[in-house]
1. Looking only at the stretch 68-118, count how many residues are closer than 22 Å to ARG28 by Cα and in contact (Cβ under 8 Å) with a residue 60 or more places away in the chain.
2. Could you say which residue among ALA74, ALA109, ALA99 is surrounded by fewer than 17 Cβ atoms within 10 Å (Cβ to Cβ) and outside any helix (DSSP H, G or I)?
3. Check whether at least one residue in the stretch 62-69 is at pLDDT below 95, surrounded by fewer than 19 Cβ atoms within 10 Å (Cβ to Cβ) and either outside any helix (DSSP H, G or I) or more than 13 Å from the chain's Cα centre (by Cα) (or both), and report yes or no.
4. For GLY53, indicate whether it is modelled with pLDDT under 90, in contact with a helix residue (DSSP H, G or I) (Cβ under 9 Å, 6 or more places away or on another chain) and either hydroxyl-bearing (Ser, Thr, Tyr) or under 29 Å from SER13 (Cβ atoms) (or both).
5. I'd like to verify a number: residues in the stretch 114-143 that are surrounded by fewer than 12 Cβ atoms within 10 Å (Cβ to Cβ) and at pLDDT below 90, how many?
6. Pairs please, first residue from the stretch 128-147 and closer than 15 Å to GLN18 by Cα and touching a residue at least 12 places away in the same chain (Cβ under 8 Å), second anywhere and buried (at least 18 other Cβ atoms within 10 Å of the Cβ) and among the small types (Gly, Ala, Ser), Cβ atoms under 7 Å, 6+ apart in sequence or on different chains.
7. If you scan the stretch 136-156, which residues turn out to be closer than 14 Å to ASP75 by Cβ and among the hydroxyl-bearing types (Ser, Thr, Tyr)?
Amino acid sequence: MTERETTRLIAWSRELRQVHDRLREALRLTRESLTEGTPGEAATRELLLYCHGFCTALDGHHQGEDRTLFPAIADAHPELRPVLRSLEQDHSMIAHLIAGLRAAVDRAAPPEELDHHLEGIAAIMENHFRYEERQLLTVLETLELTAEPPEVLGPI
(Lines give C-alpha, C1' and ligand atoms only; values in the text may rest on other atoms or scores of the structure.)
Protein backbone atom coordinates (compact mmCIF):
# COMPACT_ATOMS: atom_id res chain seq x y z
CA MET A 1 0.00 0.00 0.00
CA THR A 2 1.37 3.41 -0.94
CA GLU A 3 1.68 6.32 1.50
CA ARG A 4 -1.04 8.16 -0.43
CA GLU A 5 -3.42 5.18 -0.09
CA THR A 6 -2.67 4.90 3.62
CA THR A 7 -3.29 8.63 4.06
CA ARG A 8 -6.62 8.32 2.23
CA LEU A 9 -7.70 5.43 4.42
CA ILE A 10 -6.85 7.19 7.66
CA ALA A 11 -8.59 10.29 6.35
CA TRP A 12 -12.00 8.52 6.55
CA SER A 13 -11.84 8.42 10.33
CA ARG A 14 -10.75 12.05 10.39
CA GLU A 15 -13.47 12.98 7.90
CA LEU A 16 -16.13 11.38 10.09
CA ARG A 17 -14.94 13.23 13.20
CA GLN A 18 -14.82 16.51 11.28
CA VAL A 19 -18.34 16.03 9.92
CA HIS A 20 -19.63 15.26 13.40
CA ASP A 21 -17.92 18.37 14.76
CA ARG A 22 -19.41 20.55 12.01
CA LEU A 23 -22.87 19.15 12.70
CA ARG A 24 -22.45 19.80 16.43
CA GLU A 25 -21.47 23.39 15.61
CA ALA A 26 -24.42 23.80 13.23
CA LEU A 27 -26.76 22.62 15.97
CA ARG A 28 -25.15 25.01 18.46
CA LEU A 29 -25.58 27.93 16.06
CA THR A 30 -29.16 26.94 15.37
CA ARG A 31 -29.99 26.85 19.07
CA GLU A 32 -28.12 30.11 19.59
CA SER A 33 -30.12 31.81 16.82
CA LEU A 34 -33.26 30.70 18.62
CA THR A 35 -32.28 32.09 22.01
CA GLU A 36 -30.52 35.24 20.83
CA GLY A 37 -32.77 36.18 17.94
CA THR A 38 -34.89 39.26 18.12
CA PRO A 39 -38.63 38.84 17.75
CA GLY A 40 -40.11 39.41 14.38
CA GLU A 41 -39.95 38.35 10.79
CA ALA A 42 -36.14 38.75 10.40
CA ALA A 43 -35.47 36.44 13.36
CA THR A 44 -37.92 33.88 11.99
CA ARG A 45 -36.19 33.93 8.59
CA GLU A 46 -32.77 33.55 10.26
CA LEU A 47 -33.96 30.63 12.36
CA LEU A 48 -35.56 29.04 9.31
CA LEU A 49 -32.23 29.26 7.46
CA TYR A 50 -30.27 27.77 10.37
CA CYS A 51 -32.80 24.98 10.89
CA HIS A 52 -33.02 24.22 7.20
CA GLY A 53 -29.23 24.14 6.86
CA PHE A 54 -28.73 22.00 9.93
CA CYS A 55 -31.54 19.57 9.07
CA THR A 56 -30.35 19.22 5.47
CA ALA A 57 -26.75 18.63 6.56
CA LEU A 58 -27.63 16.04 9.22
CA ASP A 59 -30.05 14.21 6.95
CA GLY A 60 -27.56 14.25 4.05
CA HIS A 61 -24.83 12.88 6.32
CA HIS A 62 -27.00 9.95 7.40
CA GLN A 63 -28.19 9.21 3.86
CA GLY A 64 -24.56 9.08 2.67
CA GLU A 65 -23.65 6.69 5.45
CA ASP A 66 -26.66 4.44 4.76
CA ARG A 67 -26.11 4.46 0.99
CA THR A 68 -22.31 4.16 0.74
CA LEU A 69 -20.37 3.89 3.98
CA PHE A 70 -22.33 1.27 5.89
CA PRO A 71 -22.58 -1.20 2.97
CA ALA A 72 -18.80 -0.92 2.48
CA ILE A 73 -18.22 -1.57 6.19
CA ALA A 74 -20.68 -4.49 6.18
CA ASP A 75 -18.84 -6.07 3.24
CA ALA A 76 -15.42 -5.66 4.86
CA HIS A 77 -16.54 -6.41 8.45
CA PRO A 78 -19.68 -8.60 8.52
CA GLU A 79 -19.37 -8.88 12.30
CA LEU A 80 -20.36 -5.19 12.50
CA ARG A 81 -23.74 -5.65 10.83
CA PRO A 82 -25.63 -5.48 14.16
CA VAL A 83 -23.85 -2.20 14.97
CA LEU A 84 -24.71 -0.84 11.53
CA ARG A 85 -28.37 -1.83 11.94
CA SER A 86 -28.46 0.02 15.25
CA LEU A 87 -26.93 3.10 13.65
CA GLU A 88 -29.44 2.93 10.79
CA GLN A 89 -32.27 2.77 13.33
CA ASP A 90 -30.84 5.92 14.93
CA HIS A 91 -30.83 7.55 11.49
CA SER A 92 -34.52 6.73 11.11
CA MET A 93 -35.33 8.12 14.55
CA ILE A 94 -33.35 11.31 13.89
CA ALA A 95 -35.10 11.73 10.52
CA HIS A 96 -38.44 11.52 12.33
CA LEU A 97 -37.29 14.17 14.84
CA ILE A 98 -36.03 16.40 12.02
CA ALA A 99 -39.43 16.12 10.31
CA GLY A 100 -41.07 17.28 13.54
CA LEU A 101 -38.69 20.24 13.76
CA ARG A 102 -39.30 21.19 10.14
CA ALA A 103 -43.06 21.07 10.67
CA ALA A 104 -42.73 23.24 13.78
CA VAL A 105 -40.56 25.76 11.91
CA ASP A 106 -42.98 25.81 8.95
CA ARG A 107 -45.91 26.67 11.22
CA ALA A 108 -43.85 29.28 13.10
CA ALA A 109 -44.01 27.48 16.44
CA PRO A 110 -42.93 29.47 19.50
CA PRO A 111 -39.22 29.46 20.38
CA GLU A 112 -39.77 27.21 23.40
CA GLU A 113 -41.30 24.50 21.23
CA LEU A 114 -38.54 24.80 18.63
CA ASP A 115 -35.92 24.51 21.35
CA HIS A 116 -37.69 21.40 22.66
CA HIS A 117 -37.35 19.83 19.19
CA LEU A 118 -33.69 20.85 18.97
CA GLU A 119 -32.98 19.49 22.45
CA GLY A 120 -34.39 16.09 21.47
CA ILE A 121 -32.37 16.01 18.27
CA ALA A 122 -29.24 17.08 20.17
CA ALA A 123 -29.59 14.29 22.73
CA ILE A 124 -30.09 11.51 20.18
CA MET A 125 -27.52 12.95 17.77
CA GLU A 126 -24.77 13.20 20.39
CA ASN A 127 -25.41 9.68 21.68
CA HIS A 128 -25.42 8.40 18.10
CA PHE A 129 -22.19 10.20 17.18
CA ARG A 130 -20.34 8.92 20.24
CA TYR A 131 -21.46 5.34 19.65
CA GLU A 132 -20.62 5.55 15.95
CA GLU A 133 -17.16 6.93 16.69
CA ARG A 134 -16.45 4.25 19.32
CA GLN A 135 -17.55 1.47 17.00
CA LEU A 136 -16.29 2.65 13.61
CA LEU A 137 -13.29 4.97 13.77
CA THR A 138 -10.74 2.15 13.93
CA VAL A 139 -12.53 0.34 11.11
CA LEU A 140 -12.50 3.48 8.98
CA GLU A 141 -8.72 3.67 9.29
CA THR A 142 -8.45 0.43 7.30
CA LEU A 143 -11.53 0.65 5.07
CA GLU A 144 -10.80 0.66 1.36
CA LEU A 145 -13.35 3.00 -0.16
CA THR A 146 -12.75 4.98 -3.33
CA ALA A 147 -15.79 7.28 -3.13
CA GLU A 148 -15.54 11.01 -2.50
CA PRO A 149 -16.18 12.27 1.05
CA PRO A 150 -19.44 14.16 0.23
CA GLU A 151 -20.89 10.96 -1.29
CA VAL A 152 -20.01 8.97 1.82
CA LEU A 153 -20.53 11.47 4.64
CA GLY A 154 -22.93 14.01 3.15
CA PRO A 155 -22.50 17.44 1.59
CA ILE A 156 -20.90 19.19 4.55
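The values are calculated or read from the model by the stated rules, or taken from the named source; none is laboratory data. Keep in mind the model is a prediction, meaning the values are calculated, not measured. Positions of Cβ are backbone-derived with ideal geometry, glycine not excepted, and every protein chain shown enters the neighbour counts.
1. Number of matching residues: 5.
2. So the residue among ALA74, ALA109, ALA99 that is surrounded by fewer than 17 Cβ atoms within 10 Å (Cβ to Cβ) and outside any helix (DSSP H, G or I) is ALA109.
3. Among the residues of the stretch 62-69, at least one is at pLDDT below 95, surrounded by fewer than 19 Cβ atoms within 10 Å (Cβ to Cβ) and either outside any helix (DSSP H, G or I) or more than 13 Å from the chain's Cα centre (by Cα) (or both), which makes the answer yes.
4. Answer is yes for this residue.
5. Residues in the stretch 114-143 being surrounded by fewer than 12 Cβ atoms within 10 Å (Cβ to Cβ) and at pLDDT below 90: 1 in total.
6. LEU137/SER13; LEU140/SER13; GLU141/SER13
7. Hits for the stretch 136-156 are THR142, THR146.
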